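The values are calculated or read from the model by the stated rules, or taken from the named source; none is laboratory data. All of these numbers come straight from a predicted model, not from anything done at the bench. All Cβ positions, glycine included, derive from the backbone under ideal geometry; neighbour counts span all protein chains shown. These accessible areas exclude ligands, DNA and RNA; they are computed on the full protein's heavy atoms, side chains included. Shrake-Rupley method; radii C 1.70, N 1.55, O 1.52, S 1.80 Å.
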Amino acid sequence: MTEMRALKVALLGCGNVGAQVARILIEDADALAARTGARLELSGIAVRNLGTKRDVELPQELFTTDAETLVKDADLVIELMGGIEPARTLILSALSNGACVVTGNKALLAQDGPTLYEEADKAGVQLSYEAAVAGAIPILRPIRDSLSGDRITRVLGIVNGTTNFILDQMDSTGAQFADALAEAQRLGYAEADPTADVEGHDAAAKAAILATLSFHTRFALENVHCEGITKVSAADIAAAKDAGFVIKLLAIAEKLTDADGGEGISVRVHPTLLPREHPLAAVRGAFNAVFIEAENAGELMFYGQGAGGTPTASAVLGDLVSAARRLVLGGPQRTETTTGHVPALPIDAAVTSYYIGLDVADQPGVLAKIAQIFAENGVSIEIMRQTIHRDAESNVESAELRIVTHRASEAALAATVEAVKGLDVINSVTSVLRVEGV
């Protein structure tokens, strides 16, 4: 009987995800060997501090602080350290030494993905990163492989579980942002410093990766317009609910064509109103989902756990098995599928709808003045609702207008809002949010 080949696996990082990856490699060694045709031997785990206590009990002899030596002797390298350095240097070293690499490092891929892709191509090895977007949800391989014969026109994703939990809490309980964030931190959904999540940076990195695969063009973090959820108030949530909408932080990548037939890609992250009947509106708690529109396949949605040690480890192991099978059986190494260059468009070129909340004087002619401003800027009003309020102290009446526009260019919509602010009948613009799915 022929002895099964052994492949050395180096693991860089042993946080929540890394610890679960190590556990599965050890506990499911026989099953993984049967699927790959080779023994996947965990040769070591590189960590910064050998004394750190971990939730998963692992053999102490596997741990090392010498990541460089560990990488040089590996057939397969799993990078779960996060951050830019030393992760970038270690990945490049692994690739140049002929090792296939599996990573979940969305920040590094969004910032310097092209350098890594080029090194993988040059070395003839595989660079895989399913875990970098949407945790356990298999989304990158379907885009790269299953939809490679189609034309994707639009991607909308809830790709950050922390912000989805916060917005869901605000929607379902009426909580203020600060209270919902505190609850997310208590439950472990948000970090002590939640900036990367609530300011949209984490989602923006994932948006760049999704856009790169969907439109076969390299996009970096700098190509993504990014707005977080810190300015979304309980009043915004309540007004959206009253109008039949829910607010979600969406990562959006879509192909746009101008009047001359020129194509470009808009990549953006921002709070967005969705009709409650839209499939993404039903994504609750810390779950993620990605909604794809393609010319031939039509509408597709991928839904599941967007974070967490065990779910994300599932995505890592899927990439690892795929890379190991290619080492055993041979065949081409798949990294990325860029075929050309479609320019990234600024936010002004995006085509969207707006939800605008206005506090206005309750007097004749107000609606006509507002409607004139919209018409002058080429923006059509789809829905307008008015509610009358009386100030208890001054006994003065004012009106709250809630307007939803038809789709128009971001530039036209922004100009409309600025012009409306200048009207003498406007007390304040209470909210401006983008709308999708109408």
Considering amide H positions built from the backbone, and no H for Pro or chain starts, which residues 5 or more places from residue 227, or on another chain, come under 5 Å of its amide H? 269, 270
What spacing in nm lies between the two simple spin-label points modelled at residue 384 and residue 186, each 7 Å away from Cα in the Cβ direction? 4.4 nm
Tabulate in residue order the Karplus-calculated ³J(HN,Hα) for the range 185-195, using 6.51 cos²θ - 1.76 cosθ + 1.60 with θ = phi - 60°, rounded to whole Hz; enter x for Gly and Pro. 5, 4, 8, x, 7, 10, 6, 4, 10, x, 3
Across the range 433-438, in residue order, what do the Karplus-derived ³J(HN,Hα) couplings come to in whole Hz, using 6.51 cos²θ - 1.76 cosθ + 1.60 with θ = phi - 60° and x for Gly and Pro? 9, 7, 10, 10, x, 10
How do 170, 4 rank by accessible surface area computed with a 1.4 Å probe, from largest to smallest? 4, 170
Can you list which of the trypsin sites (Lys or Arg not before Pro) found in the range 113-177 are DSSP loop residues with at most 16 other C-beta atoms within 10 Å? 151
Rounded to 5, percent antiparallel among DSSP beta bridges of the chain: 70 percent
Assuming a ≥ b ≥ c are the square roots of the Cα gyration tensor eigenvalues, decide whether the range 166-247 counts as rounded (a/c under 1.5), prolate (otherwise, with a/b larger than b/c) or oblate. oblate
Find out how many positive minus negative residues lie around residue 11, taking Lys and Arg as positive, Asp and Glu as negative, among other residues whose Cβ is under 14 Å from that of residue 11. -3
Identify the residues of the range 10-50 with backbone N under 16 Å of a label point that sits 7 angstrom from the Cα of residue 325 along the Cα-to-Cβ direction, or state none. 31-40
Expressed in angstrom, Rg and Dmax over the Cα atoms of the range 107-164 are 13.5, 39
Go ahead and set up a Gaussian network model of the chain, Cα springs under 10 Å, then flag whichever of 420, 366, 404 fluctuates most. 366
Are there chymotrypsin sites (Phe, Trp or Tyr not before Pro) in the range 138-190 that DSSP marks as loop and that have at most 15 other Cβ atoms within 10 Å, and which are they? none
Calc'd 3J(HN,Hα), the range 262-267, phi into Karplus 6.51 cos²θ - 1.76 cosθ + 1.60 (θ = phi - 60°), Hz, glycine/Pro = x, comes to x, 9, x, 10, 9, 10
Given a cut-off of under 8 Å on Cα pairs at least six residues apart, what relative contact order in percent is computed for the range 157-310? 28 percent
In vacuo Debye scattering of the chain, one point per C-alpha: log10 I(q)/I(0) at q = 0.06 Å⁻¹? -0.30
Any residue on another chain or 5+ positions along whose placed amide H is under 5 Å from the amide H of residue 126 is listed here as 100, 101
Rounded, prolate or oblate, given the Cα gyration tensor of the range 397-438, with a/c below 1.5 counting as rounded? oblate
Cross-link reach from residue 255 to lysines, straight Cα distance under 29 Å and at least 8 residues apart if same chain, gives 106, 206, 231
Euclidean distance between Cα centres, the range 268-314 to the range 197-211, Å: 14 Å
Counting other C-beta atoms within 10 Å, and keeping those with at most 15, which DSSP coil GluC sites (Glu not before Pro) do you find in the range 89-188? none
5 Å is the cut-off here: which amide hydrogens, built 1.01 Å from N in the peptide plane, fall below it relative to residue 307, excluding neighbours closer than 5 in sequence? 136
Classify the range 225-327 as rounded, prolate or oblate, taking a ≥ b ≥ c as the square roots of the eigenvalues of its Cα gyration tensor: rounded when a/c is under 1.5, otherwise prolate if a/b is larger than b/c and oblate if not. oblate
Computed D for the range 49-165, Stokes-Einstein, Kirkwood radius over alpha-carbon pairs, 25 °C, 0.890 mPa s, to the nearest µm² per second, is 152 µm²/s
